[in-house]
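The values are calculated or read from the model by the stated rules, or taken from the named source; none is laboratory data. Remember, it's a predicted structure, so these values are computed and weren't measured experimentally. Don't worry about glycine lacking a Cβ; one is built from the backbone with ideal geometry, like all the others, and counts go over all protein chains shown.
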Amino acid sequence: MNFTYLDYTNMIKNILNGGYDICNYENIRASKKGVVLRHDVDFDLKKALEMAKLEYSIGVSSTYFVLISTDFYNICSKKSVAILNEIIEMNHDIGLHFDEQRYEMETIIGMKKEVLKEVSIIQKIINKPIKTISMHRPSKLTLESNVHFEGLINSYSSYFFKDMKYISDSRMHWREDTEDVINCNNYNKIHILTHPFWYSNKIENTREKLTKFINEAKLSRYESMNLNFRDLDQYIHREEIY
Ligand SMILES: [Zn+2]
């Protein structure tokens with residue numbers, strides 16, 4: 001897997017050829033042989049949109065978990081809401097990506113309160129119910145506690161995290177070969193976490209992807225400034241910031 005869109009497409013085709021249904025968090029239990037596609041959007045909503053379009057073109061749906069407490073993107077902005085709506089229109093789900101480290105929480109009860117607050121915020125923004133949650137930087141306590149959130153499916157609950165075969169591309173690294181896991185026929189249910197951030201048209205290594213993202217931030221900061229500060233180019237031209 002070279003983390004290109006072609007590789008991702010081939011992985012999905014391999015899943016479908018293996019006789020798996022592509023399920024969501026609600027209907028996976030009813031499936032005899034199914035895969036849940038989970039995407040955590042850690043850094044960039046635009047990459048989530050690219051992935052959502054790709055999946056739509058292949059004819060599969062997945063769940064995009066978005067953060068509301070990150071400095072990387074703002075889901076309240078006009079641009080972000082348009083992206084989220086576009087993702088929803090392509091039959092994908094939006095879930096809450098919850099960053100425990102945003103809060104000083106010592107108990108599960110405390111965490112549940114904050115989760116409910118974040119869920120209600122996203123629901124107001126996208127005008128749709130949020131049905132699923134995944135953790136960003138989960139604590140050991142959360143991973144081990146099989147936490148039940150009222151009205152939400154927890155992607156770290158034991159069914160999804162332990163009963164199903166769980167594989168993830170965290171830090172742009174699959175600990176197991178995805179093809180082997182899909183083709184070995186040992187697993188009736190597979191839960192696949194990918195981060196859209198790592199995928200692109202061209203083959204790029206981790207450093208290249210990170211560098212590109214950091215450098216592009218300069219231009220996007222300029223564009224935001226341009227929308228909010230009249231005659232910005234009298235002071236600094238777009239070409240100067242590369
Ligand atoms: Zn995350």
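Return the residues of the range 178-194 that are under 15 Å from ASN2 (Cβ atoms) and either without any contact (Cβ under 8 Å) to a residue 24 or more places away in the chain or not acidic (Asp, Glu) (or both); say none if nothing qualifies.
Listed by number, the residues that qualify are THR178, THR194.
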On the given criteria, is GLN101 within 16 Å of the ligand (Cβ to nearest atom), polar (S, T, N, Q) and either under 26 Å from SER220 (Cα atoms) or in the same structural domain as SER145 (by TED's automatic domain parsing) (or both)?
yes
Of all residues in the range 131-158 being in a loop (DSSP other than H, G, I, E, B) and within 16 Å of the ligand (Cβ to nearest atom), which is surrounded by the most Cβ atoms within 10 Å (Cβ to Cβ)?
SER155
It is to be established whether one or more residues within the range 170-179 are touching a strand residue (DSSP E or B) at 6+ places or on another chain (Cβ under 8 Å), among the basic types (Lys, Arg) and more than 16 Å from the ligand (Cβ to nearest atom).
yes
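Inside the range 32-65, can you point out the residues that are among the β-branched types (Val, Ile, Thr), more than 16 Å from the ligand (Cβ to nearest atom) and surrounded by 22 or more Cβ atoms within 10 Å (Cβ to Cβ)?
VAL35, VAL36
So which residues in the range 88-115 are within 20 Å of PHE160 (Cβ to Cβ) and either at pLDDT below 95 or not aromatic (Phe, Trp, Tyr) (or both), if there are any at all?
Result: HIS92, ASP93, ILE94, GLY95, LEU96, HIS97, ASP99, GLU100, ILE108, MET111, LYS112, VAL115.
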Name the one entry in LEU116, LEU84 that is assigned to a helix (DSSP H, G or I), within 20 Å of the chain's Cα centre (by Cα) and either within 24 Å of GLU55 (Cβ to Cβ) or free of Cβ contacts under 8 Å to residues at least 12 places away in the same chain (or both).
LEU84
